[in-house]
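The values are calculated or read from the model by the stated rules, or taken from the named source; none is laboratory data. From a predicted model like this one, the values you see are computed outputs, not experimental measurements. Every residue, glycine among them, receives a Cβ derived from its backbone with ideal geometry; neighbour counts consider all protein chains shown.
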Amino acid sequence: MLPLLEKSKSFFLKLSFKRLISGFLGLGLRDKIIFSFLIIAGTIGLSLFSARFYFSNTVLIPESGGVYTEAVISFPRYVNPVIPDQNNAEEILESLVFSSLYKPDGQGGVLPDLAESMTLFEEGKVFLVSLRENIFWHDGEPLTARDVIFTLELLKNQELQNPLADFWKEIAVEILSDKTLKFTLKKSYRFFPFYLTFRIMPEHIWKDTQVNAFVFSEYNLKPIGSGPYKFKKIIQDKDGKVISYGLVAFDKYYAGPYLESFNLKFFGDEAAALSAFRKKEINGLAVSLPGESSNYEMKKILEAQVFSLLFNNSNELLKDFSIRKAINLSINKTAVLSESFPGAGSLTDSAIPLKRFSENFKDVFDQANAKEILLDDGWQDKDEDGFLEKRLSSKTKTVTKLELSILFHDTPGITNVAERIKTDLAAVGISVILKPMGVNEFSSRLQTRSYQMVLLGLSSPIGKEPDLFPFWHSSQLSSPGLNFAVYENKEVDKILSYIRGTKDADINESYEELDALIKNDLPGVFLFQPQINWFVDESFHVPPVEFISDSGVRFSRVNEWYLYLKRVWKR
């Protein structure tokens, strides 16, 4: 080895290409092999060291760029946060174009959006909210506390019929500065931060428009917001129906976004959307049916909603607990879900839209028992027409047929649910009249409680700790309250009020008590918790979403989505 080292030393001291070649050629065969091995090993070692050093001292971060296209199965008309949304197209567009003080995190909580901080005073009855610095509307105008106040005044306006109108009328809101707002509640309210997720409207755009003329404004289709994406273009068909939206990243949004463009394509049904999906024309699609597709990840997301057959408990027939119990026993929930929304929900027997309650579902389907209950209650089929009847009072000779109607929004899946329930109830002698309605008439009937039974999904805007006060407290019996079951129970009222006002970290026991009381009273039949099957191109990184209260929540963290990554040196 010594001669080799001496020759190598001389070789490197007199380094030149010519000398390198001649020096190498001057080595013996054995020395050439050893020398070559050392050179190769050294090169590999240096490469590995360099790679290790590079990867140890750099990190991957999202890089700007990329275009995403989502398919939506509905058509938008009013992209306006203070006009109640009619479909998921409007919910999605508003979540992309507008921003809020706080926004849903997709896990049942909220994240600061335009709010920089929140401070609580007076045992949770006063909230001071400070806005971020340098926040702007898409037209470049600064966003201030005045825009927030302007939006809240619109939400309270009865002409717009916003379901949160009465809620905000009970809260005093003051502007302390351009960047600071003070919210004063009459009593402490655990869920108040969740109600700060309303989307903010630009005062300078809308202040001169009369509320009754809002629906005619061009800004409903060409909105100016302050969200992560701003309007670029709209495409409509010959009938004026919106078939696509083009949005671009808003470079003055406080955090991102990384994707430079976000497109939405609108379809009338799942079949048309799936056709575009199979042709690779879109990157994302939410459908009711689960499935698999190469290069797409399927995300199963539970909605913060319980789809139910609610009884109008002021109805004379439905005041009878025996009838309510018989109806509950008669409905085959497994068949209802599998025939109407296969693979798109979890069966439940609870009014509480939490996974742990649906996981404890107990199937009580028993039509034989239902028939016995009705028979014991005096219902008989004397005219042998297949349906039961009886005299409701000994003072009358009039025979009343056991016939009830179901009000529902006329859409394919819900229509299937109604028809299945009609079949199940007919099997025990209960006649059912189906009353499908368009969205406007359906909404009107809900407000006036003009129904005997109604198929409805009750959605809580809150995730892990749902606020069920609007749906089950007796103070909400009439419109604009949302107690559509017209249900009254003083113990339930106490628990709902306690949940709203308590500062206790753990309120699980209260939910358990609430669940037991409502189940015992049977103000409705709780059917299933809907699930969305969301296919997303696996090339895109999308933050996890556990459950949602509306379609827009899927996009509440869209500023964090990215397609590309790059390496940068650690600081």
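Overview of values
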| read-out | value |
| --- | --- |
| Where a residue in segment 253-266 is within 15 Å of Val536 (Cα to Cα) and its partner, wherever it lies, is of a type in the set (D, E, K, R) and at pLDDT 95 or above, with Cβ under 6 Å and at least six apart | Leu264/Glu70 |
| Test for Glu303: is it acidic (Asp, Glu), touching a residue at least 60 places away in the same chain (Cβ under 8 Å) and farther than 30 Å from Glu538 by Cβ | no |
| Count of residues meeting criterion [among the β-branched types (Val, Ile, Thr) and either surrounded by fewer than 18 Cβ atoms within 10 Å (Cβ to Cβ) or closer than 19 Å to Phe321 by Cβ (or both)] in segment 337-372 | 1 |
| Selection from segment 51-82 of residues that are small (Gly, Ala, Ser) and over 14 Å from Ile243 (Cα atoms) | Ala51, Ser56, Ser64, Gly65, Gly66 |
| Candidate set from segment 296-336 (those that are closer than 29 Å to Glu270 by Cα and hydroxyl-bearing (Ser, Thr, Tyr)); member that is surrounded by the most Cβ atoms within 10 Å (Cβ to Cβ) | Ser308 |
| Odd one out for Val399, checked against (1) in contact with a Lys or Arg (Cβ under 7 Å, 6 or more places away or on another chain); (2) under 21 Å from Ala485 (Cα atoms) | (2) |
| Listing of strands (runs of 3 or more DSSP E) fully contained in segment 174-287 that carry 2 or more residues being more than 27 Å from Leu120 (Cα to Cα) and in contact with an Asp or Glu (Cβ under 8 Å, 6 or more places away or on another chain) | 242-249, 261-266, 284-287 |
| Residue match in segment 416-437 (condition: surrounded by fewer than 19 Cβ atoms within 10 Å (Cβ to Cβ), within 23 Å of Gln531 (Cβ to Cβ) and in contact (Cβ under 8 Å) with a residue 24 or more places away in the chain) | yes |
